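For reference, the structure is listed below as structure tokens.
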Amino acid sequence: MIDDFSFTEVVNHMPRIRRHSRAGLSESQSFDHSIHRSIHQKRLSQTFGNQFFEQIIAHESHTYDQFLIVGLPLTSDLPESQKQNSQNLNSPRSNPPNSSPKNSNINNSGSDSDLNSINEVKNSYDNYNSTDSTSNSASNSNSSSTSQSSSSPSTSGSQEATPKILMIYPSAPPLLKSQEYDQVVKFCFPNGFKKATPSPSNIISQFVFRLTASSKGTAVYGVCTHFNCLKLPQMFFIDNNSKKYLFCFCFLTTNPMLAPHFQYLSFLVLWISQDVRYIPHPDPSISFDTPTEEETELLPGLVWAAGAQRMPSLRIPRAFLTELNFYHRITTTSMSKQDFAIANNLRLVLPATDLPDHYILYSGLSYLFSSLSIKNIIKAYSLMLHEAHILFISSDLMKLTLSVLSAVQLLLPFTPNGTVMPVIPRDSNFMTLLESPVPFIAGLVVDGECSIPEGIAIIDLDKDTIIDKDNMPNIPHDNELASKIKGIMDENSSSINVPVKYTKIGILKKEQQLNQDYINFIRNISDFACPKVVININPPKYVLTEHVIDKIVSLFQRQIAPTVESLMWPCFVSETTDINNPVTVFNKDLFMDSVEPCAKKFYSLFTTTTIFQQFCDRKTDEKDALLLSYSSKLQMEHQSQRRKKRNFTTVESDIVVDEVIKDRKK
């Protein structure tokens with residue numbers, strides 16, 4: 001049995017100190033080799049393919065595809081030209097004293113069975129105290145100061161600092177091509193790679209980006225958490241130089257279950273920060289299985305170790321890999337949701353897979369409605385239907401990306417045909433997208449003046465304004481839709497309006513106290529919304545319940561699509577000369593003649609879009625299928641009648657023959 005890994009090893013970025021092992025391992029054996037040996041001793045082969053690895057290739061049965069740590073590499077992994085710069089830039093301000101964790105062990109004999117020495121939650125929503133009254137304002141000021149740093153000229157040190165992928169788990173199969181992983185790094189820091197500044201919470205922000213895998217053409221979501229390492233003890237992926245900058249934990253996945261991904265990323269950050277008390281999960285190590293080095297296509301600069309790709313100087317603790325393996329191997333089901341306690345005041349809840357379209361809406365629609373008025377949301381919806389060039393802007397990454405994704409989801413059953421990018425990196429290679437003639441719906445982080453080309457509809461989430469110089473028409477009966485949405489929100493105001501976080505007390509009303517109504521509201525937030533710990537950092541105006549979201553989405557889905565479909569059906573002209581190959585054509589002029597006068601301006605523009613054309617093609621295919629089914633039914637009935645007639649004729653002739661024979665006998 002291999003020796004237990006102590007908590008200090010989990011949080012220590014340095015190579016493992018040589019020590020004697022009860023298992024008789026060589027003193028010079030590396031940390032990752034120890035993990036490999038422990039897995040091998042459990043008779044869990046890392047050499048031969050097996051059923052579990054075949055399931056990884058399938059992708060669909062796992063919660064995420066790959067986990068990445070992105071940030072500044074350890075000094076020992078930096079190029080020689082940057083090592084000298086990092087040494088010159090070290091300053092006492094950037095090296096806060098490391099906190100010394102209490103002695104604790106992570107039992108490595110089967111699972112991470114106990115972490116009793118990890119501290120209680122420091123800022124949990126159950127134990128707020130009045131001394132934290134300035135946390136919200138401090139967080140906002142930190143966000144503002146951080147944003148401004150990206151627009152100001154960089155220092156010589158920041159010019160040299162370049163983020164890299166520090167580790168990938170599992171190492172195979174690759175979700176993207178090698179050069180596409182370079183783009184992932186830019187998307188992980190879309191508003192620039194910035195130095196960390198002190199903040200009340202180690203979690204700075206959470207957000208989502210979206211790519212299209214060139215090999216398969218499928219949408220790949222990057223679910224990210226930015227966090228601050230200034231207060232962290234020495235960790236396996238940081239040193240005194242790299243901890244001056246922000247780091248990013250990222251799940252690359254084809255499964256957009258945003259809420260569980262955000263929740264587990266929050267847990268990982270709070271766990272390594274010693275801000276939560278660990279609760280043992282269901283034991284995943286019984287079948288701890290990983291891809292082999294032969295099955296791994298290494299990215300430049302990374303090496304294989306224990307089923308992961310990592311920087312050469314990085315040593316990944318077994319406990320960390322076990323956590324990633326646990327979450328990776330959870331299989332989603334369409335029957336019911338799954339619920340796991342992972343830490344005090346933190347639960348991991350996975351939704352049933354029967355409503356995949358709602359994964360994004362449940363997490364993001366609250367931010368869209370907290371940022372824009374109902375009138376402007378309907379305006380944005382109309383612009384998307386018209387395939388305008390749309391750019392959402394905000395200084396808040398989470399608000400920006402979730403608003404873009406949830407706005408696009410409101411289009412269902414219509415499908416946007418242009419580019420959808422929740423956030424565009426502030427990079428010249430990506431900013432050219434704004435000059436593309438192809439329709440797009442994109443997000444951009446702005447923290448000051450920004451040059452945006454002409455002809456783009458700008459939706460400012462921070463100011464609740466929309467600039468549409470083309471003055472495109474709104475959907476018909478938009479005021480009625482706005483009235484219905486407002487009625488739903490007014491009816492459920494007590495369950496969706498976030499109470500003020502602090503109330504003023506005392507005779508002079510100068511002291512602040514955490515609002516008990518706010519605490520109760522946070523406790524009752526849906527498991528499929530964003531993590532409570534993140535909402536607490538910067539609470540939105542609304543946190544919509546699933547019931548309210550379902551009602552609002554239903555209103556949007558019934559506003560245009562049923563009307564278009566009902567007007568469209570009489571406008572199909574079918575050619576059935578060849579009954580086996582019916583041809584259906586849509587008569588646009590006939591359609592426009594049937595549109596009510598107040599809606600003609602909208603539909604005259606909407607019918608020119610590829611969104612309308614795709615919807616029309618889909619309904620045309622349905623009409624052809626109905627005609628083919630009807631013609632097949634007619635043929636079957638005709639053949640049946642001929643069969644019956646033939647049988648009747650045979651019987652009739654037999655009767656005549658019998659009568660003739662009888663007459664002859666007489």
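The values are calculated or read from the model by the stated rules, or taken from the named source; none is laboratory data. Predicted model only: the values in this text are computed from it and were never measured. Backbone-built Cβ (ideal geometry, glycine too); neighbour counts: all protein chains shown.
Computed values, structure above
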quantity	calculated
Strands (runs of 3 or more DSSP E) lying entirely in the stretch 382-457 (those with 3 or more residues that are within 24 Å of T607 (Cα to Cα))	440-445
Residue in the stretch 485-505 that is within 19 Å of Y381 (Cβ to Cβ), out of contact with any helix residue (DSSP H, G or I) (no Cβ under 9 Å at 6 or more places or on another chain) and either outside the structural domain of Y603 (by TED's automatic domain parsing) or part of a helix (DSSP H, G or I) (or both) present	yes
The lone exception for L481 - which of (1) surrounded by 18 or more Cβ atoms within 10 Å (Cβ to Cβ); (2) closer than 30 Å to P531 by Cα it fails	(2)
Count - residues of the stretch 458-484 that are outside any loop (DSSP other than H, G, I, E, B) and under 27 Å from the mean Cα position of the chain (by Cα)	5
One residue from F430, F414 being closer than 20 Å to I560 by Cβ and either in contact (Cβ under 8 Å) with a residue 60 or more places away in the chain or surrounded by fewer than 24 Cβ atoms within 10 Å (Cβ to Cβ) (or both)	F414
Tally, over the stretch 314-350, of residues that are under 23 Å from H547 (Cα atoms) and modelled with pLDDT under 80	6
Qualifying position, being surrounded by fewer than 18 Cβ atoms within 10 Å (Cβ to Cβ), within 24 Å of I611 (Cα to Cα) and at pLDDT below 95, among G455, G506	G455
Top-ranked residue of the stretch 542-585 - restricted to ones that are modelled with pLDDT under 90 and touching a Pro at 6+ places or on another chain (Cβ under 8 Å), ranked as farthest from F602 (Cα to Cα)	T576
Qualifying residue in the stretch 515-535 (condition: modelled with pLDDT of 95 or more and over 21 Å from V404 (Cβ atoms))	no
All positions within the stretch 363-377 that are buried (at least 21 other Cβ atoms within 10 Å of the Cβ) and of a type in the set (V, I, T)	I377
First in the stretch 497-523 and polar (S, T, N, Q), second anywhere and part of a helix (DSSP H, G or I), Cβ under 9 Å, 6 or more apart	N497/M489; N497/F521; T503/Q516; T503/D517; T503/Y518; Q512/S130; Q513/S130; N515/F521
Some residue of the stretch 188-206 being part of a strand (DSSP E or B) and either under 22 Å from Y359 (Cα atoms) or modelled with pLDDT under 90 (or both)	yes
Filtered residues of the stretch 165-187 (kept if assigned to a helix (DSSP H, G or I) and among the aliphatic types (A, V, I, L, M))	V184, V185
Segments classed as strands (runs of 3 or more DSSP E), wholly inside the stretch 233-326, with at least 1 members that are hydroxyl-bearing (S, T, Y)	247-253
Scan of the stretch 509-540 for residues that are assigned to a helix (DSSP H, G or I) and either of a type in the set (D, E, K, R) or loosely packed, with under 15 Cβ neighbours inside 10 Å (or both), ordered by number	Q516, D517, N520, R523, K532
Residue count, the stretch 489-503 (criterion: closer than 14 Å to S366 by Cα and surrounded by 12 or more Cβ atoms within 10 Å (Cβ to Cβ))	6
Test: V423 is within 25 Å of S373 (Cα to Cα), at pLDDT below 95, of a type in the set (A, V, I, L, M) and buried (at least 18 other Cβ atoms within 10 Å of the Cβ)	no
Single unsatisfied condition, P291 versus (1) within 27 Å of V208 (Cβ to Cβ); (2) crowded, with 21+ Cβ neighbours inside 10 Å; (3) modelled with pLDDT of 85 or more	(3)
Test: L544 is in contact with a Lys or Arg (Cβ under 7 Å, 6 or more places away or on another chain), within 25 Å of I378 (Cα to Cα) and aliphatic (A, V, I, L, M)	no
V446 in contact with a Pro (Cβ under 7 Å, 6 or more places away or on another chain), assigned by TED's automatic domain parsing to the domain that holds V548 and β-branched (V, I, T)	no
